[in-house]
1. Go through the residues of segment 190-202 one by one and say whether even a single one is touching a His at 6+ places or on another chain (Cβ under 9 Å) and without any contact (Cβ under 8 Å) to a residue 40 or more places away in the chain.
2. Which one of the conditions (1) more than 20 Å from His113 (Cβ to Cβ); (2) open to solvent by 20 Å² or more (accessible area, probe 1.4 Å); (3) not in a strand (DSSP E or B) does Asp60 fail to meet, given that it meets all the rest?
3. Within segment 165-178, can you find the residues that are farther than 25 Å from Gly98 by Cβ and part of a loop (DSSP other than H, G, I, E, B)?
4. Quick one: count up the residues across segment 254-264 that are modelled with pLDDT of 70 or more, more than 17 Å from His63 (Cα to Cα) and open to solvent by 50 Å² or more (accessible area, probe 1.4 Å).
5. Please go through segment 220-243 and give me each residue that is open to solvent by less than 10 Å² (accessible area, probe 1.4 Å), of a type in the set (A, V, I, L, M) and assigned to a helix (DSSP H, G or I), ordered by number.
6. From the list Gln207, Gln203, which residue is open to solvent by 50 Å² or more (accessible area, probe 1.4 Å) and at pLDDT below 85?
7. Tally time: how many residues in segment 86-118 are open to solvent by 60 Å² or more (accessible area, probe 1.4 Å), under 22 Å from the mean Cα position of the chain (by Cα) and not hydrophobic (A, V, I, L, M, F, W, C)?
8. Quick check on my filter: what residues within segment 159-200 are hydroxyl-bearing (Ser, Thr, Tyr) and at pLDDT 95 or above?
Amino acid sequence: MKTLAAMIGMALVALPVASGCHHGTSNSAGIPSNLRVGIAPVYPPLAFKDHGELKGVEVDFAHLLAPDLKIKVTLVELTWDELIPALVDGRIDAIMSGMSITEERSKLVTFTHPYLRVGQMALIRRADYNRFRDYATMNLPATRVGFHSDTTGERYVRRKLSHATLRGFESPDAGVAALRAGEIDVFIHDAPTIWRVTGGFEQKETQLMGRYRMLTEEYLAWAVRKGDEPLREGLNSTLLHWQNTDQVESELDKWIPVRKVSLDLKAPK
């Protein structure tokens, strides 16, 4: 992500975190010796399963925490809806699952400093490009809009595309599959998902394309329980160290090698 500073503001960028000195953190600082990290593997390339194995940006980050904090890290696989309840009731110690900071979530959990700025984007079929050149056409009763249920994508769709015919899906992949099958006309999700589908680490896409304008501005971070400041401070210190050593950018470059920005100057060939 070395070239992101030159990109248009719609692009995905790594964020600086709080200032301070990074240092190794021991259990004496109040961080659990076995940090239980909740993850919902439904958000490639940030968190997903490949042949039964957890993979993605957040998975790599979790594994990197162990030597930095001198602890053991255990990934606890949960559904998306279970993440915050599991954190609040003590079944896990942190959430690392591509979660956006929202006012509602901040009432229940405490977020670390963000490590990534993202936003909602629209994924469409290439054949429908001219139909959706004007974003207003997405908000019509005849337009079938899909979203990942219980996410900031759903919140955006229900607020901004309320006149469209709406349909929720349990995962981004389910929504993308429905778009391919012609069951919906537009799928709204976070930028990393759109970039992944249209040219990230997968094979070249020919059927679908993204409308690369950011529809929202959101920030991804990790979450800890309210009042767990020792863990939050330890995670923030680690993020700072990774930021200063380009570790954050390295992981993002690994999993999201293509970050696209389109000015919609002409229709695709």
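1. No, there is no match, as no residue in segment 190-202 is touching a His at 6+ places or on another chain (Cβ under 9 Å) and without any contact (Cβ under 8 Å) to a residue 40 or more places away in the chain.
2. Exception for Asp60: condition (1).
3. Matches in segment 165-178: none.
4. 1
5. Correct list: Leu231, Leu235, Leu239.
6. After applying the criteria, what remains is Gln203.
7. Final tally of qualifying residues: 3.
8. Within segment 159-200, Ser162, Thr165 qualify.
The values are calculated or read from the model by the stated rules, or taken from the named source; none is laboratory data. Values in this document were obtained by computation on a predicted structure and should not be read as measured data. Heads up, the Cβs are rebuilt from the backbone with ideal geometry, glycines too, and the neighbour counts pull from every protein chain shown. Only protein heavy atoms, including side chains, enter the accessible area calculation; ligands, DNA and RNA are left aside. Shrake-Rupley method; radii C 1.70, N 1.55, O 1.52, S 1.80 Å.
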